[in-house]
Amino acid sequence: MTEQKKTVLVVEDEEDILALLHFNLIKAGYLAECAADGEAALKAISVKRPDLILLDLMLPGIDGLEICRRLRAADATREIPIIMLTACGEEADVVTGLELGADDYVTKPFSIKVLLARVQSVMRRKSNPQSDPESAEISHGSLRIHPGRNLVQVDGTTIDLTYTEFRVLEALAGRPGWVFTRYQIVNAVRGEDYAVTDRAVDVQIAGLRKKLGPCGHYIETVRGIGYRFLEGL
Ligand code: CA
């Protein structure tokens, strides 16, 4: 039995970009659907649920963020992976989109190779959700995290982290490759330490990197957006 082709819906009002994406998605073995504005996108999604959506944010009529909001609000569409296509300088919108539940973003102009890699990566992450984070050990390179035991080791040596640092690291490392906004990081540790603010996240990350030593660079700064744990270690 041959594997069923995945459908990618491209929502983009710039014809050149739409055509380029359509061509390359087909070439890469996907089925590609196109929509040039928000209304057409919502209609296409209601007719046939795509496996992933490439979503331009600046669209005539219903814009990308509103589409994101609507898709995440409905049971039938909540789980569809969304990669936002954004322009330089739209960091604030990216932050909003990620907080609305978009999975990732690519900034224009992008390389097709990078974009296809992101598509593959998001589809893989969605189809292999992290197993029970309460008990599963997280292991990346020489870093080991034991969530149940609040224990972190670098090259076999136990690292002394504060509870908040541990929760931040656990959140990031539990989803490598995902970009977290500061607000999402605050959310991940909230309830345990109400004093965590956006600004405090930067302080926590700085402290974490220092304590992690040779693994400190596993936590990447995503300029204007937040932080990401390196993928593929
Ligand atoms: Ca546009």
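The values are calculated or read from the model by the stated rules, or taken from the named source; none is laboratory data. Keep in mind the model is a prediction, meaning the values are calculated, not measured. In this analysis, Cβ positions are derived from the backbone assuming ideal geometry, glycine residues included, and neighbour counts consider all displayed protein chains. Areas reflect the complete protein model, heavy atoms only, side chains present, ligands, DNA and RNA absent. Shrake-Rupley method; radii C 1.70, N 1.55, O 1.52, S 1.80 Å.
Observations, loosely collected:
- Since only Leu100, Gly141, Ile159 are under comparison, the one whose Cα sits farthest along the positive direction of the charge dipole of the stretch 89-171, derived from C-beta charges on Lys, Arg, Asp and Glu, is Gly141.
- Per residue accessible area of the chain, 1.4 Å probe, in Å²: 52 Å²
- Taking every alpha-carbon pair within the chain, the share separated by more than 30 Å comes to 30 percent.
- Note on the chain: with neighbouring protein chains present and a 1.4 Å probe, carbon and sulfur make up 52 percent of its accessible heavy-atom surface.
- In Hz, Karplus ³J(HN,Hα) per residue of the stretch 34-46 (6.51, -1.76, 1.60; θ = phi - 60°; x = Gly, Pro): 10, 9, 9, 8, x, 4, 4, 5, 5, 5, 4, 5, 6
- Spin-label pair Gln4/Asn24, simplified geometry with 7 Å Cα→Cβ offset, distance in nm: 2.7 nm
- Per residue, the chain reaches -12500 deg cm²/dmol at 222 nm when only DSSP H runs of four or more residues are counted, each adding -39500 (n - 2.57).
- Using a Gaussian network model of the chain in which every pair of alpha carbons under 10 angstrom is joined by a spring, one finds that among Asp63, Asp198, Asp155 the greatest mean-square fluctuation is at Asp155.
- Cα gyration tensor shape for the stretch 7-127, rounded if a/c is under 1.5, else prolate or oblate: rounded
- Lysines with Cα under 28 Å of Lys5, excluding same-chain neighbours fewer than 8 positions away: Lys27, Lys43, Lys48, Lys108, Lys113, Lys126
- Inter-label distance, Leu31 to Val47: 1.2 nm, where each label sits 7 Å from its Cα along the C-beta direction.
- Derived scalar couplings ³J(HN,Hα) [the stretch 176-185; Karplus, 6.51 cos²θ - 1.76 cosθ + 1.60; whole Hz; x for Gly, Pro]: x, x, 7, 8, 9, 7, 4, 4, 5, 5
- Using a cutoff of 8 angstrom between alpha carbon atoms and counting only pairs six or more residues apart, the relative contact order for the stretch 138-229 works out to 29 percent.
- In this rough spin-label picture, where each label sits 7 Å from Cα along the Cβ direction, the Asn150-Glu91 distance is 3.4 nm.
- For Glu14 and Ser111, the difference between the fully extended length at 0.36 nm per residue and the C-alpha to C-alpha distance is 33.3 nm.
- Compared with the direct C-alpha span, the chain from Arg124 to Asp160 gains 9.7 nm at full extension, assuming 0.36 nm per residue.
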